[in-house]
Each structure stands twice: as C-alpha cells, then as structure tokens.
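Written below as structure tokens is the structure these notes are about.
The values are calculated or read from the model by the stated rules, or taken from the named source; none is laboratory data. From a predicted model like this one, the values you see are computed outputs, not experimental measurements. Cβ placement follows ideal geometry from the backbone for every residue including glycine, while neighbour counts extend to all protein chains displayed.
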Amino acid sequence: MVNALDHGLAGDGVTNDQPALQRLVDQLGAECARDGIPRTIHCPAGAYAIHDVGTVWRSGVSLIGDGPGATRFLLANPGAPDRPVPLAFWTALQHGASTEHPIADVEFARFEIDGSRMTLPAYDVLAKGLGLQYVLRGNFHDLYIHDTPATGFGCDFLQDTTVERVLAVHCGRLDSGWEKGGAGIGIGVGGWGDVERLTITDCVTLHNGTNGIFVELQDASWTRPRGIRVLGCHAQGNFYGISDWGADGLVVMGCTMTGNRVAGFDVSGQGTTHIAGRYGVVTGCVIDENVGDGVSIGNTPGGYTVTGSRLSRNGGHGYRQHNLPGARTLPAADIVIEGNDIWDNGADGICIDGDLVDAFLLANRIRGNGRRSQDGAGITINARVEAATIRGQRIWDRGDPKTQPTPIRVTRAGALLSPVASDLPIPTAA
C-alpha cells in the first residue's frame, strides 16, 4: 500500500492534488501492467482538492481512505469553468475502455466525494463523482458521494463487481429530472453481453436529480443482461426511486422506496435507449409515500413479478401498469402481482392502464385506497386484459367515510377477456 502523502499529495484542501494523483495512478498502473500485481493508494485523513481535470484511472490501481468525513476529495473547476471534473474516469469514448481494456482488480473504499464546488453553465453527463466503464472484479464500498452536478456513482458495465454501502445525496443537482444520468447510483448495462454479475447492496440514495438507483441498457441492439441484483437499499426523495431501464431478470429485494416524486419502483422506456427491463422480481420491499405511483411498470415485453411487498400511502396508484409514449407499447405478458399489501393509496390499489396477456393477480390484500380521489377501486381495468388469472384477493375498506367503494372496476376503455380463473364478480364497463 502506497501512502499518497509520500508521493506529492498534500491533503490540505488548498493545494491542487490532481496532478500528483494522476502521476501516482500512472506510475502504479504501469507497475501493475508490468508484473501483474495490483497496487493500492492510501489517502490518509485530509481534504484532497481535485481541480480542473478528472483523473484518468488505470487498471489494477485501488484507492482507499480512512472513511467518509475523514478522507475527502473536493472536486472543483476554478480554472476550467466549462469542464466536468470526476474524481476518476475511464470511458469507451475518451480512453478506449472495452471488454479487452477494462479497469480490473480495483477497490474504491472509505472516502467521501464532494462535488459542490464544481460549477458548470449547464448539465454535463460527465460531471460525476466516479465515472468508470468496463470494470472487472471491482469492489466499491463505504463511499459518501454528494452534490455532484451529474450522477454520483456513475459507472457502467460492471462485471464480477460489488457496490456496497454507498451513500449518494443530492447528486445530479443540475439535472431537471429529464437529462441523461443525474442519479445517485446509475449503472449502464449490456457491455459485457447477456450476463453481468453485479450486486448493489445496502446503499442509500437521497434527494438525487433523477433516480436513486437505475440500471440502463446503453445500446438498443444489445441483449438485456441477466445477473444484476439490488438488495437492501433505500431510495428516498429522488425523481424515481429504483428504475429498470433495460435489464433482464433484475432482482430487487428488501428495499425501501419512499418520498420519490414520480414512482417508487419504475420499469419503463424512459432511458436513453427507450428499452424497458423485463422478467424482473421485486420482493419484500416497502414502497410507501411516494408522490406518484408506488410501482409503475410499462413498455416491457412482460414477465415482471411484484410479490410480498407493501405498496402504501402513495399519491397515485399502489401499482400501475402503463406505457410511456415513444417506447414499446405491445401487450405485456406474464405479469405477476402476488401476495402484496396495498393500502391507503391516493387512487386505485391496482390500476391496469396498459394491455396485458396472461397476467396473474393472486392473494393481494387491497384496502382503503382512493384517499385522494375518494372513489378508488381495489382493481381498475382500463386496458385490454386477456386470459388473466385473478384469485384470492381480499378487497375491503374499513374507513369512515369509505374511499374505496368498488372492489373491481372495468372502464369503458377496458376489457377483461377470457379470464382463466376469477373469483371476483366481473362488472360491466363503467
């Protein structure tokens, strides 16, 4: 392990430490390329000013601090006010990053990135905290990233990699909510092919410009990758909580999504390639008090399962199936909504606004919805739903006055065609 203070870094918060850091990264990267032994830079407690240019990273070079609050990297651009300054970056466009030229065998851990001093005339997607592409055997943990103009942790194509205990706060501060990136944790996917082995665990994302956490397919011609998991994370006060914009079989388990403005959990074609995720699983989550819908799924070929979760007190629907314009709008097949507690949402418990085929609505407990509309339904069918299985729900309202007077409603725009099994009386179109 190499002490950064012995190699020209000052850590005094005033001296620009970027040139010394770049020299050290280049030196250790060259040594690793020569003998195959990874190196580690240790930055002891201190404030390390990184000014005007980002640090181009090298394979086999790790960066370790003494903990957030102790070791801080202060990103700023006083001499280059139009230039983004990530702490570390390695990209396909600028540096030739690829599966053949990845950043391999690295650890980034136990430090803070402060992007509040980076000023730009407009949003720039490269103004990240970390911006590495094509990482192999990476380990990112115990990081606090905040106030970056773009995504805080914005690394793409992560293979055999873990992201653990990352706290991302107020990242994407120049993002209107509709720019590329701008998230707390934003992961581009698909570069390694049909499997990307990535686990995101115990991360917290607060008040970020777009998503708390997203995974996004970066090329519409690529295969959606399997192998990505988001476990035990917390997304609060973001534009979206957690979004799947192009994975296959994403697992989201044991997460809390609350206070997000559009939706707690989102599957849609909102990403840059307009490709939604498919056949993912959301289980054991608390999706509560989001301004819009709790779960919002659309633009997907289908296969999503939402099970064993709490969808409560959201301003819109507890669960909503609908398609955004500009992306795929074919019927979604094999959607499963099973065993959830869906209560006290502002509109309907479950609202189907997008066509479904072979859907399963099983054993959900749906009560007291319609808090905002005062005329909610347990389940509203507002699209073509064909060959659905609807069994075992309990739908009720013990409130006074009651706000969910209708167990199941079929609108004039909706049709429940050839249900395979249903133990609910199917009303005529309202």
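Annotations
- The set of residues from segment 164-181 being in contact (Cβ under 8 Å) with a residue 40 or more places away in the chain and either of a type in the set (Val, Ile, Thr) or within 16 Å of Thr273 (Cα to Cα) (or both) comprises Glu179, Lys180, Gly181.
- Selected residue [without any contact (Cβ under 8 Å) to a residue 40 or more places away in the chain, surrounded by 24 or more Cβ atoms within 10 Å (Cβ to Cβ) and not hydrophobic (A, V, I, L, M, F, W, C)] from Gly280, Gly237: Gly280
- If you go through segment 82-105 and keep only what is under 18 Å from Asp147 (Cα atoms) and either charged (D, E, K, R) or touching an Asp or Glu at 6+ places or on another chain (Cβ under 9 Å) (or both), you end up with Asp82, Arg83, Pro84, Val85.
- Tally of residues being surrounded by fewer than 20 Cβ atoms within 10 Å (Cβ to Cβ) and either in a strand (DSSP E or B) or of a type in the set (S, T, N, Q) (or both) across segment 381-402: 6
- Residues in segment 303-327 that are closer than 18 Å to Gly249 by Cβ and either in contact with a Pro (Cβ under 9 Å, 6 or more places away or on another chain) or of a type in the set (Gly, Ala, Ser) (or both): Gly303, Gly308, Ser309.
- If the condition is being closer than 15 Å to Pro19 by Cβ and touching a Phe, Trp or Tyr at 6+ places or on another chain (Cβ under 9 Å), then segment 75-90 contributes Leu87, Ala88.
- One residue stands out in segment 43-61 among those that are in contact with a Phe, Trp or Tyr (Cβ under 7 Å, 6 or more places away or on another chain) and assigned to a strand (DSSP E or B): the one that is nearest to Ala10 (Cα to Cα), namely Tyr48.
- On the stretch given as segment 7-34, residues that are exposed (fewer than 15 other Cβ atoms within 10 Å of the Cβ) and acidic (Asp, Glu) total 1.
- Residue in segment 164-176 that is among the small types (Gly, Ala, Ser), modelled with pLDDT of 95 or more, on the phi > 0 side of the Ramachandran plot and crowded, with 22+ Cβ neighbours inside 10 Å present: yes
- Hits in segment 81-91 - residues which are touching a strand residue (DSSP E or B) at 6+ places or on another chain (Cβ under 8 Å) and either farther than 15 Å from Trp57 by Cβ or in a strand (DSSP E or B) (or both): Ala88, Phe89, Trp90
- Wholly enclosed strands (runs of 3 or more DSSP E) of segment 282-372 bearing at least 3 residues under 27 Å from Thr201 (Cβ atoms): 286-288, 293-297, 305-307, 310-312, 336-338
- Of the residues making up segment 144-156, those that are closer than 12 Å to Thr205 by Cβ and crowded, with 24+ Cβ neighbours inside 10 Å are Ile145, Thr151, Gly152, Phe153.
- Counted residues, segment 224-252 - those being within 17 Å of Ser309 (Cβ to Cβ) and not in a strand (DSSP E or B): 3
- Residue within segment 182-202 that is within 20 Å of Gln218 (Cα to Cα), out of contact with any His (no Cβ under 8 Å at 6 or more places or on another chain) and either among the basic types (Lys, Arg) or free of Cβ contacts under 8 Å to residues at least 12 places away in the same chain (or both) present: yes
- Looking only at residues in segment 110-127 that are charged (D, E, K, R) and farther than 21 Å from Gly138 by Cβ, the one that is surrounded by the most Cβ atoms within 10 Å (Cβ to Cβ) is Asp114.
- Checking each residue in segment 22-78 for being within 30 Å of Ser98 (Cβ to Cβ), of a type in the set (Ser, Thr, Tyr) and touching an Asp or Glu at 6+ places or on another chain (Cβ under 9 Å) picks out Thr40, Tyr48, Ser59, Ser62.
- Segment 240-261, residues that are in contact (Cβ under 8 Å) with a residue 40 or more places away in the chain and surrounded by fewer than 24 Cβ atoms within 10 Å (Cβ to Cβ): Asp248, Arg261
- Whichever residue in segment 102-140 is assigned to a strand (DSSP E or B) and over 17 Å from Leu63 (Cα atoms) and, among such residues, is farthest from the chain's Cα centre (by Cα): Arg117
- Glu107 passes every criterion in (1) of a type outside the set (Gly, Ala, Ser); (2) over 18 Å from Leu9 (Cα atoms); (3) without any contact (Cβ under 8 Å) to a residue 60 or more places away in the chain; (4) surrounded by fewer than 19 Cβ atoms within 10 Å (Cβ to Cβ) apart from (3).
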